[in-house]
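S.K.: Below you'll find the structure I mean.
The values are calculated or read from the model by the stated rules, or taken from the named source; none is laboratory data. Quick caveat, the model's predicted, so the values are computed rather than measured. FYI the Cβ positions are ideal-geometry reconstructions off the backbone, even for glycines, and counts take in every protein chain you see.
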Amino acid sequence: MAVETLYVEGNSEEGQVLRVPVSMPEHTDPAAVSSVVEAIEKALVVLVNARQGEVIVRADQLAEIATGLLEPSSELLEDRVHRMRTLQEVFAEGEWLPSEQLNALQDDPPKSKSQPASDWKRRGRIFGVSRAGREYFARYQLDAMYEPLPVIRDVLQAFGSVADPWVLAAWFHFPNAWIVGSDGKPIAPKDALDRRDDVIRAAQRRLDSYVA
């Protein structure tokens, strides 16, 4: 399902303009959009300028463009490496429970191993992240009886929808300048869930000039 339509233009040698709408698939990494647009623009120029008898040559040029598109830029690779390291740190330094473990920890476990985690997530009471084909839920979202803390629902509503749940996980994990301790140092939202108003305010201000 497309979530955004970009308009890409190609100009011929005679000044002819070809303007084509391109629908970007849902969850497309923003870091990859510029590379895709650049490659499509190059392809359009080749197509607009194509003449009879040049099909093979133009096909070779299009193949070169496609190859360049498939080879990520150094900036994109660096971004993906940084993201992967961040995800590994967030996961390694926290306690994450799969749905079947949450199921087993309930007083009266539902028959479905995906419950009640799946229902809690659907109702916006907790969030989960995917890793190695399994979904995990942060322990800090739950009380002593392994029920969702009410503050989590409020924080998720204030935070707003995100395409990548790992954005939420990183936000909860790292110190946030909108939440400070008695010593004036930033505190991670996951460690300040008893300060409901402060955490909700931090979630609401996450897109302000300071990005925590």
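S.K.: Anything in segment 121-158 that is touching a Gly at 6+ places or on another chain (Cβ under 8 Å) and charged (D, E, K, R)? List them, or say none.
M.R.: Passing the criteria: Lys121, Glu135, Arg139, Arg153.
S.K.: Given the conditions (1) under 23 Å from Gln204 (Cβ atoms); (2) touching a residue at least 60 places away in the same chain (Cβ under 8 Å); (3) part of a loop (DSSP other than H, G, I, E, B), report the number of the one that Val90 does not fulfil.
M.R.: (3)
S.K.: Any idea which of Arg122, Arg153 is among the basic types (Lys, Arg), over 23 Å from Glu93 (Cβ atoms) and either exposed (fewer than 13 other Cβ atoms within 10 Å of the Cβ) or modelled with pLDDT under 95 (or both)?
M.R.: Going through Arg122, Arg153 in turn, just one is among the basic types (Lys, Arg), over 23 Å from Glu93 (Cβ atoms) and either exposed (fewer than 13 other Cβ atoms within 10 Å of the Cβ) or modelled with pLDDT under 95 (or both): Arg122.
S.K.: Applying the selection to segment 100-131, what residues are in a helix (DSSP H, G or I) and under 21 Å from the mean Cα position of the chain (by Cα)?
M.R.: Answer for segment 100-131, where residues must be in a helix (DSSP H, G or I) and under 21 Å from the mean Cα position of the chain (by Cα): Ala117, Ser118, Trp120, Lys121, Arg122.
S.K.: Which pairs do you get when a residue that is in the same structural domain as Tyr140 (by TED's automatic domain parsing), found in segment 177-200, comes within reach of a residue that is loosely packed, with under 15 Cβ neighbours inside 10 Å and part of a helix (DSSP H, G or I), reach meaning Cβ atoms under 7 angstrom, with the pair 6+ apart or on two chains?
M.R.: Every condition considered, the pairs that remain are Trp178/Arg201.
S.K.: Condition test on Val167, is it out of contact with any Cys (no Cβ under 6 Å at 6 or more places or on another chain), aliphatic (A, V, I, L, M) and surrounded by fewer than 17 Cβ atoms within 10 Å (Cβ to Cβ)?
M.R.: yes
S.K.: Spot the failing condition for Arg131; the list is (1) more than 26 Å from Met84 (Cα to Cα); (2) out of contact with any Asp or Glu (no Cβ under 6 Å at 6 or more places or on another chain); (3) surrounded by 12 or more Cβ atoms within 10 Å (Cβ to Cβ); (4) not β-branched (Val, Ile, Thr), and only one is missed.
M.R.: (1)
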